[in-house]
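First comes the structure, then the notes that go with it.
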Amino acid sequence: MTPLIEAKNISKYFGPVVALKDISLKVHAGEVHCLLGDNGAGKSTLIKILSGVFPPDEGELFVEGRPVRFESPRQAMDLGIATVYQDLAMIPLMSIVRNFFLGREPTVGFGPFRRFDLATAEKIATEELKKIGIDVRDVHQAVGTLSGGERQSVAIARAVHFGAKVLILDEPTSALGVKEAAVVLRYVIEARRRGVGVVFITHNVHHAWAVGDVFTLLNRGQSYGTFRKEETSREEVLQMMAGGEELASLEVELEEIARNQGRNP
């Protein structure tokens, strides 16, 4: 099956800093592809390339088998690639329905009499939120009154409604408690069920393992490899993320320090 989006041997440099080196990635429809790595691993740089913020310095991007070179995030969105960042790009004091259609408002009337079609917006927002399993009390309540998980869910529903084929989620559970994270993970599964390809960026292996089908691990801009869920285990992924050799070296170093301290009280 042709991937919805594919990156081949992507590299990105910022002056002398190598942010990414020879990274390859495929995202298929109805699949959650987890992008794992610690802070500074290159996850944010990669998703900005996939979403059209940065052009790659080396390598190629393909959307449904066709080579592309994004000039802007708008071009990526027009091809069905939607990104939900940690800040969600929402205005807390505005209502759910206003945020849902922000920049893409349905209108009625013509010319100077053109105005926001509130009735249509209310109907669509309510239906789309219910489709993905979100039952809000009132679509006119301010987004700032929602919990973190509910806000993430509204952003996901908005992206799916506007035709996202690939949904890129940037650390959607990083600032959430266990229950709130579970809410978001349920909506990730629902998006997958509807045939959307999901790129789930996180440093939390437990959240990734709960919903992921494929795992790509990054470390300092390089790939440790891509693994399907049936090919690995959660413990192996944790070990790779922890940097097995580096962790073993650190343990030896700490033991040496402890022994030296014991000799010189």
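Numerical summary
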quantity: Pairwise label distance in nanometres, residue 141 with residue 57, each label 7 Å out on the Cα-Cβ vector; calculated: 4.8 nm
quantity: Residue-count net charge about residue 118 - beta-carbon cut-off 11 Å; Lys, Arg +1, Asp, Glu -1; calculated: 0
quantity: Neighbourhood net charge (15 Å Cβ-Cβ; Lys/Arg +1, Asp/Glu -1) for residue 129; calculated: +2
quantity: The chain, relative contact order in percent, only Cα pairs under 8 angstrom and at least six apart counted; calculated: 26 percent
quantity: Theoretical gain in end-to-end length, residue 206 to residue 230 [0.36 nm per residue, Cα-Cα removed]; calculated: 7.1 nm
quantity: Cβ-derived FRET efficiency at R0 25 Å, residue 130 paired with residue 29, nearest 0.05; calculated: 0.60
quantity: Sequence ranges 164-173, 227-236, 186-195, ranked by mean other-Cβ count within 10 angstrom, highest first; calculated: 164-173, 186-195, 227-236
quantity: Packing-based order for 206-214, 113-121, using average beta carbon neighbours within 10 Å, highest first; calculated: 206-214, 113-121
quantity: Net lengthening on full extension, residue 9/residue 105 (0.36 nm per residue, minus Cα-Cα); calculated: 30.7 nm
quantity: Label-point separation in nm, residue 118 to residue 260, each point 7 Å along Cα→Cβ; calculated: 7.1 nm
quantity: Helix-only [θ]222 nm of the chain, DSSP H runs n ≥ 4, -39500 (n - 2.57) each, per residue, nearest 500; calculated: -11500 deg cm²/dmol
quantity: Qualifying GluC sites (Glu not before Pro) for segment 59-155 [loop in DSSP, other Cβ within 10 Å: at most 15]; calculated: 64, 71
quantity: Where 147, 51, 44 fall by accessible area, highest first, once all protein chains stay in place (1.4 Å); calculated: 44, 147, 51
quantity: Most mobile listed residue (110, 54, 14) in the chain, GNM with C-alpha springs under 10 Å; calculated: 110
quantity: Per residue accessible area in Å² of the chain, where ligands, DNA and RNA are left out and the probe is 1.4 Å; calculated: 52 Å²
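The values are calculated or read from the model by the stated rules, or taken from the named source; none is laboratory data. If you're wondering where the values come from, they're calculated on a predicted model, not measured in any experiment. Reconstructed Cβ throughout: ideal geometry from the backbone, glycine too, with neighbour counts over all protein chains shown. Surface accessibility is based on the protein's heavy atoms, side chains included, excluding ligands, DNA and RNA. Shrake-Rupley method; radii C 1.70, N 1.55, O 1.52, S 1.80 Å.
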